[in-house]
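Below: one structure, written as structure tokens.
The values are calculated or read from the model by the stated rules, or taken from the named source; none is laboratory data. The model shown is predicted, which means the values in this text are computed figures rather than measured ones. Here the Cβ positions follow ideal geometry from the backbone for every residue, glycine too, while neighbour counts run over all protein chains shown. Side chains included, ligands, DNA and RNA excluded: accessible areas come from the protein's heavy atoms. Shrake-Rupley method; radii C 1.70, N 1.55, O 1.52, S 1.80 Å.
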Amino acid sequence: MLNISSATIEKIIIHQVGNIGREEACVFSEASVKPSASLETLLLEHYLLPLSELEDAYEFKAGDLTDVIAGYAKEIFTADADFHDASIKIAGHLHSMTNHPNIMGGDFIIILFDNIFMNSKETKALGLFKVESKDDYLDIYDNNGTLEFIEKEGISLRDIQKGALIFASDESVLAIDSQKRRTKYWHDDFLSLKPKQTEHAELKASNDILRGLNKRIATPEQRLEFNKSLESHLEEHDDIRFKDLENFSKPYVEEQEINRVFNAVQNKAGFAIDREISVPSHQFREQSKNTMQKASIAEGIELVIRSKDTYIDQIEIVEDGQGFTAIIKFDVYEPEES
């Protein structure tokens, strides 16, 4: 649980980082600054808050020779290095990674946050933000008594173009790109990150496993039996293991295909998928409801149940020479009157 309600900004510094592939240089600020109260409020709301709301966490690749950001961040957190000097090293590393012709140079903002609470423990966090493009806006000025428009450029507060938040407490990282996904330049080359195995990541992986197995079950009747077995387990147990998903699918899916599903999910998740991993049943049900409340009737035909109190009890597909007839029996849960 992350709490930023009392967060403050201790230091901020801005450098300009060009594209080294186009022989663009860097411009380094001579000193860090303490923002005004109004600017601090804006930065906390539009830079810290969006990062703090991200669910997918990362960690640094242990032993990676290219992983220099973790070292510089640690020096800042432990005061082993001057903030200004460390910020120049971080900007220099970003410059060395900015070598692809499609990557723009830009303003590089480094912010040291304080008074952040992670799982009720106070921690500092280092924010790294790169601004590659600016928005046009209009201002008004007084031209000898006549109010006129003037065109200006500025940094939009609507979106973070590239951002990362490194926590001192456990060196976990929240990172975002304007594409709202992991990118090679920002996540891999510059930050040297890998997905962190968290409860949220395990829950996402469990849903991916479920979807992969469901797609490999041949008939609607078998998929219904599979989902019924799952639902029965969820009703009777507080947790469900990845191994349980494997076992429930074995009557309908060949072992080779099951292994392919688990390998694909492992590659996507970025961490080892131990089949003894378990997730809470109620969270699994909520995460996977779109999969479990969807019935594939035939190729390209799916039945989606929107009511949380309605369940498919039976599916019968009768084929004839021109098509098929689907006979579907529903159960509707009616809560007992108090």
_Please pick out the residue among GLY92, GLY127 that is within 19 Å of ALA31 (Cα to Cα), touching a residue at least 60 places away in the same chain (Cβ under 8 Å), small (Gly, Ala, Ser) and touching a Gly at 6+ places or on another chain (Cβ under 9 Å)._
GLY127
*Out of the residues in the range 149-166 that are closer than 15 Å to LEU48 by Cβ and hydrophobic (A, V, I, L, M, F, W, C), state the one that is farthest from the chain's Cα centre (by Cα).*
LEU157
*What about ASN259, is it open to solvent by 90 Å² or more (accessible area, probe 1.4 Å) and either closer than 18 Å to ARG216 by Cβ or more than 31 Å from the chain's Cα centre (by Cα) (or both)?*
no
*asked:* Quick check on the range 293-310. Is at least one of its residues in a helix (DSSP H, G or I) and either in contact with a Ser or Thr (Cβ under 9 Å, 6 or more places away or on another chain) or touching a residue at least 60 places away in the same chain (Cβ under 8 Å) (or both)?
replied: no
_Looking only at residues that are in contact with a helix residue (DSSP H, G or I) (Cβ under 6 Å, 6 or more places away or on another chain) and open to solvent by 10 Å² or more (accessible area, probe 1.4 Å) in the range 278-294, which one is nearest to LYS228 (Cα to Cα)?_
MET292
*Name, by its number, the condition in (1) open to solvent by less than 70 Å² (accessible area, probe 1.4 Å); (2) at negative phi; (3) out of contact with any Phe, Trp or Tyr (no Cβ under 7 Å at 6 or more places or on another chain) that does not hold for GLU153.*
(1)
_ALA264 being exposed (fewer than 13 other Cβ atoms within 10 Å of the Cβ), closer than 30 Å to SER192 by Cα and among the aliphatic types (A, V, I, L, M)_ = no
*Consider PHE129 carefully, then state whether it is open to solvent by 20 Å² or more (accessible area, probe 1.4 Å) and at pLDDT 95 or above.*
no
*Of LYS250, LYS194, which residue is within 25 Å of ASN290 (Cα to Cα) and either of a type in the set (A, V, I, L, M) or open to solvent by 60 Å² or more (accessible area, probe 1.4 Å) (or both)?*
LYS250
*With respect to GLU319, is the statement that it is within 22 Å of ASP208 (Cα to Cα), open to solvent by 50 Å² or more (accessible area, probe 1.4 Å) and free of Cβ contacts under 8 Å to residues at least 12 places away in the same chain true?*
no
*Answer yes if at least one residue in the range 174-187 is open to solvent by 50 Å² or more (accessible area, probe 1.4 Å) and of a type in the set (Phe, Trp, Tyr), and no otherwise.*
no
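Determine, yes or no, whether ARG241 is under 26 Å from ILE327 (Cα atoms) and touching a residue at least 24 places away in the same chain (Cβ under 8 Å).
When the stated conditions are applied, ARG241 does not pass them.
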_Given the condition of a type in the set (Val, Ile, Thr) and touching a strand residue (DSSP E or B) at 6+ places or on another chain (Cβ under 9 Å), answer yes or no: does some residue in the range 264-285 qualify?_
yes
